[in-house]
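Written out below as structure tokens is the structure these notes cover.
The values are calculated or read from the model by the stated rules, or taken from the named source; none is laboratory data. Nothing here was measured: the structure is a model prediction, and the numbers come from that model. Cβ sites come from the backbone with ideal geometry, for glycine too, and all protein chains shown count toward neighbours.
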């Protein structure tokens, strides 16, 4: 176990590894209005259980579409692919503003259909954003540390997701949004949408070639884990 800890510590403290990990953490930790939108759907739009059950079933198709898109464009570098997909996610996020400001009603688009297709689009783009991060994590895993490093990566992503929701809750509180008062929900959505772009200037911290070279050098060293 001592050897395992030493190898893991040496691996994580390498700039080639911890810089992508930090980027992934901040990328996942951008604020989210998900909690407020959930109550908006229930209390303001009066969407029932049937809507959420149907939406949950569509997520499987969103995953299939996301995997298909990633497969078709997998040859593009990590930074280029994630920049484009995140910009698409950024622009698509503004659709929620049309919903909370009730502009969709002015154009005779029912809430049910608008919410369904908006969520399908956003879920697909979110999956597309996540896939290159998972692939990068797989590339980062050195020989004999695969499970440990991949668990570290998923733990980093989950921590980022948790902080994302907490930041969204704090913003909700300070904007005076409650389960009955959605006056400033549009502002929360705007803040979260702009916030999704904050990590992008640091995408250069992730260098796929350096990660591949690091992994090859570790494989050449052939690190063996001995449990003491």
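Quick notes on this one:
- Filtered residues of segment 196-228 (kept if assigned to a loop (DSSP other than H, G, I, E, B) and either more than 16 Å from the chain's Cα centre (by Cα) or at pLDDT below 85 (or both)): 206, 207, 222, 223, 224, 225, 226, 227, 228
- The residues listed here are 91, 114; of these, the one that is in a helix (DSSP H, G or I), free of Cβ contacts under 8 Å to residues at least 12 places away in the same chain and either on the phi < 0 side of the Ramachandran plot or surrounded by 13 or more Cβ atoms within 10 Å (Cβ to Cβ) (or both) is 91.
- Matching residues, segment 13-35, being without any contact (Cβ under 8 Å) to a residue 24 or more places away in the chain and in a helix (DSSP H, G or I): 15, 18
- Enumeration of residues in segment 24-57 that are surrounded by fewer than 15 Cβ atoms within 10 Å (Cβ to Cβ) and farther than 25 Å from residue 175 by Cβ: 48, 49, 50, 53, 54, 56, 57
- Which listed residue, of 40, 94, 114, is more than 15 Å from the chain's Cα centre (by Cα), under 23 Å from residue 199 (Cα atoms) and at pLDDT 90 or above: 94
- Condition check for residue 47 on (1) under 24 Å from residue 188 (Cα atoms); (2) outside any loop (DSSP other than H, G, I, E, B); (3) in contact (Cβ under 8 Å) with a residue 24 or more places away in the chain: one failure, at (2).
- Test: residue 82 is closer than 19 Å to residue 200 by Cα and either crowded, with 18+ Cβ neighbours inside 10 Å or in contact with a strand residue (DSSP E or B) (Cβ under 6 Å, 6 or more places away or on another chain) (or both): yes
- Among the candidates 188, 136, 175, 159, the residue that is more than 30 Å from residue 12 (Cβ to Cβ) and within 20 Å of the chain's Cα centre (by Cα) is uniquely 188.
- Matching residues, segment 180-195, being touching a residue at least 60 places away in the same chain (Cβ under 8 Å), in a loop (DSSP other than H, G, I, E, B) and more than 9 Å from residue 36 (Cβ to Cβ): 180
- Test: residue 158 is in contact with a helix residue (DSSP H, G or I) (Cβ under 7 Å, 6 or more places away or on another chain) and either surrounded by 17 or more Cβ atoms within 10 Å (Cβ to Cβ) or assigned to a helix (DSSP H, G or I) (or both): no
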